[in-house]
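Asker: One structure coming up, written as structure tokens, with questions to follow.
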Amino acid sequence: MSTIEENTKDSVDAAVKEPGAPEKESEKIEPGLAQGSIIVSFVIGLAIALIIGWIVFPALLYSEKEQPFDFSHEVHNDLVDGCESCHYFRDDGTFAGVPKLWLCRDCHEEVQGGTADEETFVYEYVWNDREVPWRIYSKQPDCVFFSHAAHVVKAEMDCETCHGPIGESDSLKPYEENVITGYSRDIWGKSISGLNKKHIWESMKMDDCADCHKEAGMESSVQTKKDACFVCHK
Amino acid sequence: MKIDRRSFLSLGLGAAAGTALTPLPWKLTDDLSIWTQMWPWTPVPQDGETTYVNSACAICPGGCGITVRKVEDRAIKIEGMDGHPVNDGGICPLGLSGLQLLYGPRRIKSPMKKENGKWVKISWKEAIAVVSDQIDALRKNGEAQAIGCISGLRKGTTSQLLERFLLSLGSPNYMSIPSSYDAYELAVSRMHGRRMTAGIDAEESNFILSFGSGVIEGWWSPVRMIRAHSVWKEKKAKLVQMEARLSNTAAQADKWIPVNPGAEAALAMGIAAVIVKESLYDKAFVENYSRGFEEFRNMLLDAYSPDKAASITGVPSSVIESLARDFAGASRPVALYGRGNGSQPGTLFEAMAVHALNAIVGAVNRPGGVWAVEQTDDNDWPAIQMDEIAKKGLKSPRIDGLDPGSEKDPGSLVSRFSELAVSGEYPLKALFIAGANPCYSFPDSNAVKAAFEKIPFIVSFSSYMDETVEYASLVLPNHTYLERYEDVPAPRGMGKPVRGITRPVVSPLYNTRNTGDAVIELAGKIGGSVAESFPWGDYETCLQETFGEEWGTLEEEGFTSDSDFSPRSWEEAFKEDSGKFNFASAGFLDSVREIVPEGDDGSYPLILVPYDTLRLSGGYIGDPPFVIKTVEDTVLKKRDSFVEVNPETAGKIGVKNGGYATLSTPKGQVKVRVNHYDGIKPGVIAMPRGLGHGGTDEYLAEKGVNVNELIGPIPDPQSGFDGAWGIRAKLTRA
């Protein structure tokens with residue numbers, strides 16, 4: 001702020017010190033008025049920036065995308081034996097993530113319940129042998145290496161700790177795609193400021209990983225006892 | 001209120017301050033950094049389930065089994081198949097880089113037709129129609145015999161389908177590219193009096209006389225032989241390498257005999273002469289199971305006494321004598337035929353000389369020796385249907401003037417191709433090319449290109465944009481071996497029966513089609529008796545019907561084999577008088593013995609020999625990017641090829657190590673750089689096969705010199721096989 005005041009003062013002084021100089025249109029303004037308009041301009045700039053930064057930018061940054069069709073975790077959860085029935089570990093220890101068509105096909109070769117969404121699924125995907133192009137809320141950039149086995153099997157964490165109570169949801173929430181990165185808003189978190197986080201699952205950035213690891217006293221690599229960038233960034 | 005400069009600046013400053021109070025800069029920085037990882041050219045590894053597919057490698061005739069690691073539908077890595085009878089988990093650099101042949105830049109992505117010198121993509125339907133129209137026109141015109149086919153595919157159903165296709169059209173001009181294995185097989189067949197395949201029970205040998213065979217440099221079945229070489233090291237078997245150049249194999253051998261280039265046959269005969277003279281031969285075999293030994297002995301003692309052999313070969317007679325004694329004294333000796341990787345056939349005399357050497361020490365049909373196994377017809381396909389046009393066409397001689405099916409001269413169609421194609425019995429009017437790149441790999445490749453220019457209609461089945469495709473009128477691109485079903489016959493020199501199968505490891509990436517399917521479809525389109533000769537709906541059906549019960553195992557395991565197989569004993573194999581091993585078989589004792597290289601020694605004082613290395617693929621498929629990167633900078637530097645010259649020879653010419661020189665032979669002239677190399681005989685210079693490609697692959701094209709441009713073929717009068725092992729050359733400082 002001081003810079004602005006100094007600049008203003010200098011300009012005023014310059015106008016006073018050189019009375020003989022030809023007066024330009026802009027310099028006819030009286031010092032008090034000039035100062036007022038500068039402050040007003042500053043405030044306007046500030047206000048515009050705040051509006052853009054807090055309201056317009058988030059609105060432009062995310063584009064709401066529909067999933068191919070709706071899906072109820074709640075309905076499925078009642079019929080199967082826990083998350084791992086569909087979101088399972090493969091024999092080699094890797095995590096399968098969102099199930100592929102072959103697994104769904106076990107039950108959905110024909111329409112079961114008769115909702116419009118299920119019909120879409122069966123007729124458009126199962127019968128045409130097309131994988132469902134799900135938009136994945138928790139998809140991380142390619143350089144991020146994350147082992148579900150280390151967390152779920154070794155550390156015996158619940159799915160809900162990081163993914164929230166999604167197993168109880170009756171429908172899929174809209175997928176808010178970050179137009180720059182292509183990833184979901186769920187990675188950064190709903191709150192654009194990144195503050196007011198109440199649950200672990202509300203965001204999935206590196207700091208969120210670090211928070212838990214700090215709490216659990218696991219801040220370094222198990223092998224090297226040093227900072228462990230390459231454990232996750234490969 | 002007026003907006004002046006100050007208030008405008010103030011507005012900006014306010015905006016800047018305000019922006020700093022929002023998450024925008026931090027969020028944008030974060031997003032942009034992620035965005036930079038998403039650029040389309042950034043490679044992103046496939047994510048998903050890992051699976052393994054057993055298949056076979058079909059890049060070379062080595063017949064290895066492979067296991068391909070996949071993530072979802074993306075092939076990630078090729079490994080050798082554990083437990084496979086040929087390579088048991090091993091793999092060569094070329095096989096390892098096979099994915100670059102699948103995903104790499106030289107693929108042809110769709111059928112194409114050349115219009116006004118430019119390639120135009122067309123549909124398969126149109127492509128098949130264009131070919132069948134051309135064939136129909138030629139057949140109706142009574143020119144069925146003027147249709148030819150060059151196939152680099154060894155045995156196997158695809159080559160059988162192509163040969164069948166030509167016969168059903170009425171053409172005797174199916175040309176299969178021969179290798180040293182074919183020459184050796186012919187030698188064995190002649191000496192055993194029946195059509196034979198030859199296997200080397202290499203792993204069990206304990207004294208190996210290699211007449212220039214690059215056993216660790218790709219000879220016959222590269223991975224199997226490298227593994228056999230390890231076995232030899234373990235059990236202290238002796239390897240003696242005889243060649244003019246210190247190859248990697250020579251460097252790894254127990255003894256290196258720098259024989260004059262082209263004198264390998266004379267050396268084999270010289271060794272045999274000592275064995276005969278000193279009565280070191282296997283009397284049980286020679287006396288009971290062979291005939292013609294007297295004539296053989298007389299010829300040896302007359303023409304290949306140690307002194308005479310020494311003067312031809314440049315190997316001292318004392319060395320020849322001690323080699324003979326060691327070889328005959330070994331319990332499981334074997335002599336190997338075929339220079340370098342064995343791709344060049346060589347003369348029948350040389351092949352017979354090596355096989356005779358095996359026979360006199362009894363190294364035939366016993367452990368550690370050569371196994372001669374009678375050839376059986378591979379399939380029981382129905383007889384080929386022939387209409388009047390086909391019957392008439394097949395009454396014509398081949399373009400080399402010989403009768404169709406002539407056994408006298410199986411190799412001359414290829415070794416004399418450039419001359420025969422335009423001025424043979426009749427000029428070729430149409431030519432199919434499968435699994436081959438004659439415009440690169442045939443000797444005197446510039447003459448081959450000139451011949452190709454004169455053939456009006458050329459159809460290539462190549463998967464890759466190569467030199468030969470540039471001369472084609474039409475391409476019907478094949479799937480790569482990682483996208484197609486195809487049987488892989490037992491590799492060259494495999495004693496025990498093995499059959500592999502390539503299978504679609506990934507779904508075809510482009511609009512390509514299995515050549516087997518293309519041929520069946522083409523026959524169907526031509527119709528009549530040609531269509532009737534191909535009673536299968538598609539190639540996969542043909543494979544299933546051909547292999548019957550074996551197909552199930554092939555599908556499940558990726559190969560079939562008989563590990564308990566052993567060849568017939570001497571008693572069984574050579575029982576009949578007429579079935580005895582014949583040391584005086586036709587074309588041996590009375591044949592032309594040495595091939596004199598082209599060129600006069602006045603104008604061309606040096607001798608240029610080509611050599612093979614595992615780091616360069618000299619055949620149909622050029623080096624993939626990974627493999628070309630392994631070539632040493634004493635062989636290729638930027639775009640310059642090096643020629644190996646003994647420092648003594650280089651001193652006489654006055655070329656420094658690394659200096660530029662002009663290399664000329666009767667076939668052509670190129671600019672090269674000189675690599676001073678103590679491991680080559682003075683007066684001999686050497687260049688590798690596999691460089692100097694054309695085509696469009698920036699990793700391969702325009703790098704170095706194609707040695708095939710510099711060396712012409714010399715057909716062996718006995719077999720027609722190309723017997724040239726080098727050419728006279730001149731090197732001058734540039």
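Asker: If you fit an axis through the alpha-carbon atoms of helix B:293-303 and take the longest principal axis of the Cα set of chain B, what angle between them do you get, 0 to 90°, nearest 10?
Answerer: Approximately 80 degrees, to the nearest 10.
Asker: Could you point to the residue in B:Gly726, B:Phe442, B:Cys64 farthest towards the positive end of the protein assembly as shown's charge dipole, with +1 and -1 charges on the Cβ of Lys/Arg and Asp/Glu respectively?
Answerer: B:Gly726
Asker: Then there's this: Per residue, how many Å² of accessible area does segment B:310-465 show with a 1.4 Å probe?
Answerer: Value for segment B:310-465: 34 Å² per residue.
Asker: Given a 1.4 angstrom probe, I'd like the percentage of the accessible area of chain B that is carbon and sulfur, rounded to a whole number. Don't skip to the answer; put the middle values down first.
Answerer: On the way: 13880 of 28030 Å².
Answer for chain B is 49 percent, counting heavy atoms of protein chains only.
Asker: While we're looking at this one, here's another question. Helices from chain A with mean Kyte-Doolittle at least -1.0 and a Cα length along the axis of 18 Å or more, per DSSP H: which?
Answerer: Counting only whole DSSP H runs, the qualifying helices are A:2-17, A:31-51.
Asker: Right, next: Could you work out the longest stretch of chain B that avoids the chymotrypsin sites (Phe, Trp or Tyr not before Pro) located in DSSP loops with at most 14 other Cβ atoms within 10 Å?
Answerer: On the way: sites that count: B:Trp41, B:Tyr510, B:Phe565.
The reported range is B:42-509.
Asker: Could you give the radius of gyration (one decimal) and Dmax (whole number) of the Cα atoms in the protein assembly as shown, in Å?
Answerer: 37.2, 133
Asker: Any idea of the total accessible area buried by the B-A contact, 1.4 Å probe, rounded to 100 Å²?
Answerer: Roughly 2900 Å² of accessible surface disappears when B and A pair.
Asker: How much space per residue, in cubic angstrom, does the convex hull of the C-alpha atoms of segment B:261-306 take up?
Answerer: 73
Asker: Continuing with this model, one more query. Mean separation of Cα pairs under 8 Å and 6+ residues apart, divided by the residue count of chain B: what relative contact order is that in percent?
Answerer: 18
Asker: Let me ask another. Where in segment B:275-351 are there GluC sites (Glu not before Pro) that are in a DSSP coil and have at most 16 other Cβ atoms within 10 angstrom of their Cβ?
Answerer: Within segment B:275-351, the qualifying GluC sites (Glu not before Pro) (loop, at most 16 other Cβ atoms within 10 Å) are B:Glu278.
Asker: B:Lys140: which aspartates and glutamates have alpha carbons under 19 Å from its alpha carbon, excluding same-chain residues fewer than 8 sequence positions away?
Answerer: Cross-link targets: B:Asp387, B:Glu388, B:Glu532.
Asker: Let me ask something else. Report, in listed order, any pair from B:Lys681/B:Lys730; B:Lys629/B:Lys703; B:Lys308/B:Lys730; B:Lys277/B:Lys308; B:Lys277/B:Lys580 with a Cα-Cα distance greater than 18 Å.
Answerer: B:Lys308/B:Lys730; B:Lys277/B:Lys580
Asker: Quick one: if you take sqrt(5λ) for each eigenvalue of the C-alpha gyration tensor of segment B:580-734, what semi-axes come out, biggest first, whole angstrom? Please report the intermediate quantities before stating the final value.
Answerer: Working: eigenvalues 171, 92, 37 Å².
So the equivalent ellipsoid measures 29, 21, 14 Å along its semi-axes.
Asker: Let me ask something else. Give the Rg (one decimal place) followed by the Dmax (whole number) of segment A:137-232, computed from C-alpha coordinates and expressed in Å.
Answerer: 14.4, 44
Asker: Pairwise over distinct Cα atoms, reciprocal of the mean inverse distance: report the Kirkwood radius of segment B:172-216 in Å, one decimal place.
Answerer: Hydrodynamic radius (Kirkwood, Cα pairs) of segment B:172-216 is 12.7 Å.
Asker: Something else: Counting only other chains, what is the mean number of Cβ atoms within 10 angstrom of the Cβ of each residue in peptide B:24-37? Before the final figure, lay out each step's value.
Answerer: On the way: counts 10, 1, 3, 10, 4, 0, 8, 8, 2, 2, 11, 6, 1, 5.
Across B:24-37, the average partner-chain Cβ count within 10 Å equals 5.
Asker: Quick one: give the max-minus-min coordinate of the C-alpha atoms of chain B along each principal axis, largest first, in Å.
Answerer: 123, 67, 52
Asker: Here's a follow-up. Rounding to the nearest 10 and keeping the result within 0 to 90°, find how far the Cα-based axis of helix B:156-169 lies from the longest principal axis of chain B.
Answerer: Rounded to the nearest ten degrees, it is 80.
Asker: Can you list the aspartates and glutamates whose alpha carbon sits under 17 Å from that of B:Lys113, skipping same-chain ones fewer than 8 residues off?
Answerer: B:Glu126, B:Asp133, B:Glu453, B:Asp466, B:Glu467, B:Glu470
Asker: Moving on. Do the alpha carbons of any pairs in B:Lys155/B:Lys429; A:Lys225/B:Lys27; A:Lys65/A:Lys214; B:Lys283/B:Lys575 sit beyond 27 Å of each other, and which pairs?
Answerer: Beyond 27 Å between Cα atoms: A:Lys225/B:Lys27; A:Lys65/A:Lys214.
Asker: Relative contact order, percent, of segment B:181-314 when contacts are C-alpha pairs under 8 Å separated by at least 6 residues?
Answerer: With pairs under 8 Å counted, the relative contact order is 18 percent.
Asker: Only bridges with both residues in the protein assembly as shown count here: give the DSSP antiparallel percent, nearest 5.
Answerer: 60
Asker: Quote the relative contact order of chain A in percent (integer), defining contacts as alpha-carbon pairs under 8 Å separated by 6+ residues.
Answerer: 22
Asker: Just flag the trypsin sites (Lys or Arg not before Pro) in segment A:165-222 sitting in loop per DSSP whose Cβ has no more than 15 other Cβ atoms within 10 Å.
Answerer: For trypsin sites (Lys or Arg not before Pro) across segment A:165-222 that sit outside H, G, I, E and B with at most 15 neighbouring Cβ atoms in 10 Å, the list reads A:Lys190, A:Lys198, A:Lys205.
Asker: For peptide A:187-193, what's the mean number of Cβ atoms from other chains within 10 Å of each residue's Cβ? It would help to have the intermediate numbers written out before the result.
Answerer: Details: counts 2, 4, 0, 0, 1, 5, 4.
Partner Cβ neighbours, averaged per residue: 2.
Asker: A further question on this structure: How large is the Kirkwood hydrodynamic radius of segment B:202-264, in angstrom, based on all distinct alpha carbon pairs?
Answerer: 11.5
Asker: Follow-up. Just name one of B:Val609, B:Gly579, B:Ala228: the one whose Cα is farthest towards the positive end of the charge dipole of chain B (beta-carbon charges, Lys/Arg +1, Asp/Glu -1).
Answerer: B:Val609
Asker: Next question, about the same structure. Kindly express, to the nearest 10 degrees and within the range 0 to 90, the angle between helix B:515-526's C-alpha long axis and the longest C-alpha principal axis of chain B.
Answerer: Tilt relative to chain B: about 90 degrees.
The values are calculated or read from the model by the stated rules, or taken from the named source; none is laboratory data. All of these numbers come straight from a predicted model, not from anything done at the bench. Every residue, glycine among them, receives a Cβ derived from its backbone with ideal geometry; neighbour counts consider all protein chains shown. Please note that ligands, DNA and RNA were not included when accessible areas were found on the heavy atoms of the full protein model with its side chains. Shrake-Rupley method; radii C 1.70, N 1.55, O 1.52, S 1.80 Å.
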